[in-house]
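Participant: Below you will find the structure I want to go over with you.
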Amino acid sequence: MPAGPHRSATRLYPPMVDEGARVGLLASIAGPEPAGEGVTRSTDLAVGGLGLRLAGELPPLAPDWAAFRCPLGQPAALALTLRYAAPPPPPSRSPLAGGDLWRLWADGDYRRLATYLNGRHRRPDRLLRCDAAWAHGELLVDPDARDAQPLAYPLDQLIWLHLLARHGGALLHAAGVALGDRGIALVGHSGAGKSTLARLWLRARDATLLNDDRVVVRPASGGPLYLWSTPWHGDVATVTPAAAPLAAVFVLRHGRRTRTRQLGPAAAAAALFARAFLPLWEASAVAQAVA
């Protein structure tokens with residue numbers, strides 16, 4: 001990922017999954033066990049301090065994900081086994097949630113999440129089967145997609161969307177900036193000006209851009225809220241895999257002049273809820289996210 005020409009961001013990573021294990025994604029990283037040229041057997045990734053362990057024959061990570069690897073053996077919120085096999089046809093009944101590119105079914109204590117590259121619901125290219133707690137599961141990838149990234153969009157964001165909610169966090173439609181040890185979130189719908197402001201922050205010597213489109217807000221070990229970067233950027237490809245204590249949140253809107261005004265608790269909550277990605281079909285997870 002591009003490294004900004006400015007002062008380093010706050011490279012302080014609170015413990016993953018509140019287990020007391022420190023995660024320094026920018027420190028020395030233990031490489032995965034080799035399994036042949038261009039293939040690894042396991043990798044651990046972390047977004048918002050929540051780890052995903054993916055075990056199987058993995059192609060090289062996409063550049064956007066490389067900086068979000070973490071040391072193997074750290075506690076993981078979700079452990080997945082990767083297999084290349086044709087995903088079975090999805091259930092014929094109505095899904096719990098979904099859209100053109102994905103559908104989710106509830107099977108008692110299990111979940112099935114299918115994604116479709118072409119937007120047609122005939123046969124999924126990826127099928128995730130996991131327990132209802134999103135702790136253990138299996139990822140089936142169509143052999144025709146063997147050279148593609150196993151965690152392709154929208155599967156990657158859907159996984160962390162569930163994990164974050166269950167661990168008291170949320171994925172925000174926002175740009176994030178670290179000013180020393182202060183995290184600033186600039187939330188807004190598409191077109192609100194997040195990427196425009198991100199480009200301006202790139203010029204500031206005392207600031208580091210975390211991400212211009214997707215950031216995570218989540219407590220660190222039950223303590224204060226932190227603002228975390230993610231690999232899912234918008235028009236500005238500069239991403240810094242770091243975190244900083246959340247100091248302020250600004251809701252963006254267009255106006256005739258630049259000004260700020262403080263929102264009351266109800267208005268602020270409504271604005272954030274409208275710009276957060278939450279698994280609204282999982283009531284218990286949403287309750288944990290907004291608690």
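Participant: Taking the residues in region 102-120 that are over 20 Å from Pro143 (Cβ atoms) and surrounded by fewer than 18 Cβ atoms within 10 Å (Cβ to Cβ) as candidates, determine which candidate is modelled with the lowest pLDDT.
Facilitator: This residue is Gly119.
Participant: Further question on the same structure: Would you confirm whether or not region 147-154 contains a residue that is under 18 Å from Trp281 (Cα atoms) and either over 11 Å from the mean Cα position of the chain (by Cα) or open to solvent by less than 20 Å² (accessible area, probe 1.4 Å) (or both)?
Facilitator: yes
Participant: Look at Leu186 and say whether it is surrounded by fewer than 21 Cβ atoms within 10 Å (Cβ to Cβ), touching a residue at least 12 places away in the same chain (Cβ under 8 Å) and among the aliphatic types (A, V, I, L, M).
Facilitator: No, not satisfied.
Participant: Another question about this same structure. Restricting attention to helices (runs of 4 or more DSSP H) lying wholly within region 190-291, give those where 1 or more residues are touching a helix residue (DSSP H, G or I) at 6+ places or on another chain (Cβ under 6 Å) and modelled with pLDDT under 95.
Facilitator: 283-290
Participant: Scanning region 169-187 for residues that are at pLDDT below 95 and part of a loop (DSSP other than H, G, I, E, B), which turns out farthest from Val290 (Cα to Cα)?
Facilitator: Gly180
Participant: Counting just the residues of region 78-101 that are of a type in the set (D, E, K, R) and under 19 Å from Leu151 (Cα atoms), which one comes out surrounded by the most Cβ atoms within 10 Å (Cβ to Cβ)? Give the derivation first.
Facilitator: Looking only at region 78-101, we keep the residues that are of a type in the set (D, E, K, R), and these are 83, 93, 100.
Subsequent filtering for residues that are under 19 Å from Leu151 (Cα atoms) retains 83, 100.
On the way: Arg83: 15, Asp100: 11.
Filtering first and then ranking leaves Arg83.
Participant: Give all pairs with beta carbons closer than 8 Å in which a residue from region 144-171 that is farther than 30 Å from Gly223 by Cα meets a residue that is part of a strand (DSSP E or B) and open to solvent by 30 Å² or more (accessible area, probe 1.4 Å); count only pairs at least 6 apart in sequence or on separate chains.
Facilitator: Within 8 Å, the pairs are Arg146/Tyr84; Pro154/Trp102.
Participant: Looking at region 247-266, which of its residues are open to solvent by 50 Å² or more (accessible area, probe 1.4 Å), of a type outside the set (S, T, N, Q) and in contact with a strand residue (DSSP E or B) (Cβ under 9 Å, 6 or more places away or on another chain)? Walk me through it before giving the result.
Facilitator: Pass one, region 247-266, residues open to solvent by 50 Å² or more (accessible area, probe 1.4 Å): 247, 249-251, 253-263, 265-266.
This time we only want the ones that are of a type outside the set (S, T, N, Q), so: 247, 249-251, 253-257, 259, 261, 263, 265-266.
Across region 247-266, the qualifying residues are Ala247, Val249, Phe250, Val251, Leu263.
Participant: Using the structure shown, decide if Ile159 is part of a strand (DSSP E or B), out of contact with any helix residue (DSSP H, G or I) (no Cβ under 6 Å at 6 or more places or on another chain) and either under 19 Å from Gly49 (Cβ atoms) or open to solvent by 20 Å² or more (accessible area, probe 1.4 Å) (or both).
Facilitator: Working: part of a strand (DSSP E or B): no; out of contact with any helix residue (DSSP H, G or I) (no Cβ under 6 Å at 6 or more places or on another chain): yes; either under 19 Å from Gly49 (Cβ atoms) or open to solvent by 20 Å² or more (accessible area, probe 1.4 Å) (or both): yes.
No.
Participant: If you don't mind, there's one more thing I want to ask. Of the conditions (1) touching a residue at least 12 places away in the same chain (Cβ under 8 Å); (2) loosely packed, with under 14 Cβ neighbours inside 10 Å; (3) under 27 Å from Ala135 (Cα atoms), Arg205 clears all except one; give me its number.
Facilitator: Of (1) touching a residue at least 12 places away in the same chain (Cβ under 8 Å); (2) loosely packed, with under 14 Cβ neighbours inside 10 Å; (3) under 27 Å from Ala135 (Cα atoms), only one is false for Arg205: (3).
Participant: Also, I was wondering about something else. Take the residues in region 244-266 that are touching a residue at least 60 places away in the same chain (Cβ under 8 Å) and hydrophobic (A, V, I, L, M, F, W, C), then tell me which one is farthest from Arg218 (Cα to Cα). Quick ask: steps written out before the conclusion?
Facilitator: Initially, region 244-266 is screened for residues touching a residue at least 60 places away in the same chain (Cβ under 8 Å), giving 244-254.
The next check asks that each one be hydrophobic (A, V, I, L, M, F, W, C); those that pass are 244, 246-252.
On the way: Ala244: 11, Leu246: 9, Ala247: 13, Ala248: 14, Val249: 13, Phe250: 17, Val251: 18, Leu252: 21 Å.
Here the residue is Leu252.
The values are calculated or read from the model by the stated rules, or taken from the named source; none is laboratory data. Remember, it's a predicted structure, so these values are computed and weren't measured experimentally. When we count neighbours, we look across all protein chains shown, and the Cβ atoms used for this are built from the backbone with ideal geometry, even at glycine. Surface accessibility is based on the protein's heavy atoms, side chains included, excluding ligands, DNA and RNA. Shrake-Rupley method; radii C 1.70, N 1.55, O 1.52, S 1.80 Å.
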